[in-house]
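Accompanying notes for the structure given below.
The values are calculated or read from the model by the stated rules, or taken from the named source; none is laboratory data. What you see is a predicted model, and the numbers here were worked out from it, not measured in a lab. All Cβ positions, even for glycine, are placed from backbone atoms using ideal geometry, and neighbour counts span all protein chains on display. What goes into the accessible areas is simple: the full protein's heavy atoms, side chains included, and nothing from ligands, DNA or RNA. Shrake-Rupley method; radii C 1.70, N 1.55, O 1.52, S 1.80 Å.
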Amino acid sequence: MPAYTHEIGHGTPTVTVLLQPEEKQLSLPRPKTARQLLTALGLAEETALVARHGELLTPDRHIWPNDTILVRKVASSG
């Protein structure tokens, strides 16, 4: 999967987000933390997993410019 890393607006750093299970790829202005990313996507922390390069990120972990982040929505089947 190619990582599309471009700038939005006037040099605003971006991140690439692969949203699953929809398999939707988004380019967003860079949030500073995984928590801010979930908020920007309208997701609660307990409803999604955030990962970078196969490593799960806790909500306080930093996200860097041009990162490619996986956000996997999870739901209880119970």
- Query: Out of the range 32-71, which residues are touching a residue at least 24 places away in the same chain (Cβ under 8 Å), closer than 30 Å to GLY11 by Cβ and part of a strand (DSSP E or B)?
  - Reply: THR33, ALA48, HIS62, THR68, ILE69, LEU70, VAL71
- Message: Against the condition open to solvent by 60 Å² or more (accessible area, probe 1.4 Å) and in a strand (DSSP E or B), how does LEU26 come out, does it pass?
- Response: no
- Task: Kindly indicate whether ARG35 is open to solvent by 80 Å² or more (accessible area, probe 1.4 Å) and either over 15 Å from GLU22 (Cβ atoms) or of a type in the set (A, V, I, L, M) (or both).
- Result: yes
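Here's the yes/no breakdown for (1) closer than 23 Å to ALA75 by Cβ; (2) β-branched (Val, Ile, Thr); (3) touching a helix residue (DSSP H, G or I) at 6+ places or on another chain (Cβ under 6 Å):
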| residue | (1), (2), (3) |
| --- | --- |
| GLY11 | no, no, no |
| GLU22 | yes, no, no |
| SER27 | no, no, no |
| PRO31 | yes, no, yes |
| GLN36 | yes, no, no |
| THR39 | yes, yes, no |
| LEU56 | yes, no, no |
| PRO59 | yes, no, yes |
